[in-house]
Every structure is written in structure tokens, then in C-alpha cells.
Amino acid sequence: MRRHLPFLLFIFITFLSLSSLSQSITPSTFNATGGAHDNPGSYYRYEWSVGEMTSVETFSGSSIVLTTGVLQPFTELVGLSPHIILFTNNEYHLFPSPTTGKFELDFALRLPGNMVMQLLDESGRILESRSLRYEGNGSINHFDISRYPNGHYIMATTFTPDMKRGSSDNFVTIRKSGFKIVKVPR
């Protein structure tokens, strides 16, 4: 056994040195060039890259979403668009919430336009969708969620007025909001 010990030691050291010289392959991204345009007064930001990896994957868990690649979206300006505003307290009334099934969503805007209302469950799936022509003189909308299980629901509403924001541009200021409805047992 003592005679074989130097030979075994030589084989072990040779194996370690060869394995450390072998090529390893790891996922990587190479970006040759790119740039960005960011105007602080604007809602929009543009980024571009040349030579970025073409395989882009998205992985999501219970509290995190991970997207591979160099360019990652950022959402620090969400909601600050001058073209989208929320409904104010005096422009809508939602009641009752919590409800056992039936509820009412009323609007009191003074502008004519198109209204889209979508009832969403907790996972964001659309359960019901309604579109209506709003004439600017109030609207009473009745809903019944009795057939759905108890839980939280969102009424995502979008109002697009007929008139433009001002005479100097062609933009329309859209109102959007999500109203929370809680369904409880009878």
C-alpha cells in the first residue's frame, strides 16, 4: 500500500489540475453598445442596445418577477402621465362595499365620452365587461356578483372624453381607476 501511495497522490493532483483548466460555460449577456434618452419632463424613456442576448426569459414567484437581459423596465414614473388621471371623489360613488352580491357604481362626470368597466377577480381575470356611451349627465350602473365566491374584486374603469385636452395639442386626458369591492357571505 505504501508503494501505491505516491502513485495515487500523483493521480489525485493531476485530476485536480486538469479540472481547473477545463472550460466552464455560464449564462451571460453581452451588450456591444446602446444608449438611452430620458427627458425628465416626459413620462416616456427610451433605451436601446446592440448585441444583447436574444433569449429573454421571465421567472415569477410569490413576491418577485425576474426578467433576464440587460434592459430592464423601470416603473418609477407610473401614474405621472399628464394624459391619464384618476377619478376624483365627487365623480363616482360605489356602494355598498362590502356587499353580499349586488352593488352600484355611479358616475357624475360633466364630460361626454366612452366608459369601459371591467370586473376583475383577485388574479386579474376579467369576469364581466361593459362599454357604454356616457353623455355627461350621470350614470347609474348595477352589478350582481352573487354567483362568484366571497373575496375581493376590482372594478377597473376607463373614461375617454370626446374633447381634446387643449387647443395646442391633440391629446385626450383619460380617467382611469380601480375600485375595490369586497364580497362577504350572507
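With a requirement of 1 or more residues that are hydroxyl-bearing (Ser, Thr, Tyr), the strands (runs of 3 or more DSSP E) lying completely within segment 85-186 that satisfy it span 92-95, 126-134, 139-144, 151-161, 174-183. In segment 110-161, of all residues being closer than 19 Å to ILE85 by Cβ and more than 27 Å from the chain's Cα centre (by Cα), the one that is surrounded by the fewest Cβ atoms within 10 Å (Cβ to Cβ) corresponds to ARG110.
A Cβ distance below 6 Å, combined with a sequence gap of six or more or placement on separate chains, defines the contacts here; from segment 173-184, residues that are within 11 Å of MET115 (Cβ to Cβ) reach residues that are at pLDDT 90 or above and of a type outside the set (Val, Ile, Thr) in the pairs ARG175/PHE159. As a summary of the residue check, THR99 satisfies the conditions (1) in the same structural domain as PHE179 (by TED's automatic domain parsing); (2) of a type outside the set (Gly, Ala, Ser); (3) at pLDDT below 65 except for the one numbered (3). Scan segment 141-155 and report the pairs whose first residue is among the acidic types (Asp, Glu) and whose second residue is in a loop (DSSP other than H, G, I, E, B) and modelled with pLDDT under 95, with Cβ atoms within less than 9 Å and a gap of 6+ or a chain change. If the second residue must be in a loop (DSSP other than H, G, I, E, B) and modelled with pLDDT under 95, the pairs left are ASP144/GLY101.
The values are calculated or read from the model by the stated rules, or taken from the named source; none is laboratory data. All figures in this text were calculated on a predicted structure; none of them were measured in a lab. When we count neighbours, we look across all protein chains shown, and the Cβ atoms used for this are built from the backbone with ideal geometry, even at glycine.
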